[in-house]
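Below: the structure, in structure tokens.
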Amino acid sequence: MLPGGGHEISSRKSRTSRGGAPALVWLLAAACGAPGGASSAPRLEEACRPSASRDDRLAEIGPRGELRLASGRRAVLSGLRWPDEPALDAAARTWLHAFLGASLVLTERGGEDRWGRHRADAIGIAGEAEPVDLAGGLVAAGLAYADAGEADTLCRPALRAVEAAPRAAGLGLWAGGPLAATDAAALSGRAGRFTVVEGRILHVGERTARTYLDFARRGEQGLTVTVQKRSWRILSEHGLSAATLKGRLVRIRGMVEIGRGPFIDLAGVDGIEVIEGERALRR
């Protein structure tokens, strides 16, 4: 069963490989849907297009949560950002360790990455327990962020909703809460690392090549988010503009870099959430 109840939208019955007993498998809502979905569903991004599901077995856990399979294939969980901190890396590996030798139902998305691995949704079947969505379980335990990673698109945006419970409880990655966009010292300490930051956009500066989202008052230190011209155009297609973003409380996720101050170069629409009332962005 998937953690993060309340965010699942569909269910189906499947049979486990042990004894053929039926088990209820709850699937997280996925931006791309599933193979054979309704014809009214939006056209799938090629990088998110799911393959037919297949069975395999987890033989080994590689660095940063790489799934090494009995078939010889390697995979990483789709929609997941593995933790950077050594203690949380170890905790996430321990969580996955329960599925060593277990049957997996894998749905790969897109082609191989530069290391020859597939991004995949994985349902783990360990013993007589109910099947578990591995990505959803790690996110619900506060041991991973929802993130597109090397992909251009977050194929499973519903994973972000699963973050709500561990964030509220201060679990794992969320032990200190989301980082404040005005905490320049803490942001500088995260240089070169993936970080989730919350704050209110005080100023939007549109320039020819890029747009700047400033979270600190003039003369004060804080986060600046840079948005390249192409990404800014995509944001506008989703209803996000200087007029709609200024003054809004948002959540930003990305790699912290240091220039004149801490900044994040926004990778795309999945890197920003308007969170006043936890309203989702129009997709």
Q: Could you check how many residues of the range 159-176 are touching a strand residue (DSSP E or B) at 6+ places or on another chain (Cβ under 8 Å) and free of Cβ contacts under 8 Å to residues at least 24 places away in the same chain?
A: 0
(Q) Between a residue in the range 245-273 that is closer than 14 Å to Ala216 by Cβ and any residue that is among the acidic types (Asp, Glu) and open to solvent by 20 Å² or more (accessible area, probe 1.4 Å), which pairs come within a Cβ distance under 6 Å, given they are 6 or more apart or on different chains? (A) Phe263/Glu257
Q. How many residues does the range 241-265 hold that are open to solvent by less than 30 Å² (accessible area, probe 1.4 Å) and assigned to a helix (DSSP H, G or I)?
A. 2
Q: Please list, ordered by first then second residue, the pairs with beta carbon atoms under 8 Å, 6 or more apart or interchain, first in the range 131-143 and at positive phi, second of a type in the set (Lys, Arg) and not in a strand (DSSP E or B).
A: Gly142/Arg167
(Q) Taking the condition of being among the small types (Gly, Ala, Ser) and within 20 Å of Asp84 (Cα to Cα), how many residues in the range 165-176 meet it? (A) 4
Q. Looking at the range 103-134, which of the residues that are in a loop (DSSP other than H, G, I, E, B) and of a type in the set (Gly, Ala, Ser) is nearest to Arg68 (Cα to Cα)?
A. Gly116
(Q) Looking at the range 177-196 only, could you name the residues that are in contact (Cβ under 8 Å) with a residue 12 or more places away in the chain, under 10 Å from Val256 (Cβ atoms) and among the small types (Gly, Ala, Ser)? (A) Ser188, Ala191, Gly192
(Q) Can you pull out every residue in the range 134-155 that is farther than 20 Å from Glu85 by Cα and open to solvent by 10 Å² or more (accessible area, probe 1.4 Å)? (A) Ala151, Asp152, Thr153
Q: Taking the residues in the range 119-133 that are of a type in the set (Asp, Glu) and more than 27 Å from Thr195 (Cα to Cα) as candidates, determine which candidate is least open to solvent (accessible area, probe 1.4 Å).
A: Glu130
Q | Within the range 1-102, strands (runs of 3 or more DSSP E) holding 1 or more residues that are at pLDDT 95 or above | A | 54-61, 67-69, 74-77
Q: For Leu106, work out the one condition from (1) touching a helix residue (DSSP H, G or I) at 6+ places or on another chain (Cβ under 9 Å); (2) open to solvent by less than 10 Å² (accessible area, probe 1.4 Å); (3) at pLDDT 95 or above it doesn't fulfil.
A: (1)
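The values are calculated or read from the model by the stated rules, or taken from the named source; none is laboratory data. Since the structure is predicted, the reported quantities are computational estimates derived from the model, not experimental observations. When we count neighbours, we look across all protein chains shown, and the Cβ atoms used for this are built from the backbone with ideal geometry, even at glycine. Accessible surface is based on the protein model in full, side chains and every heavy atom, while ligands, DNA and RNA are left aside. Shrake-Rupley method; radii C 1.70, N 1.55, O 1.52, S 1.80 Å.
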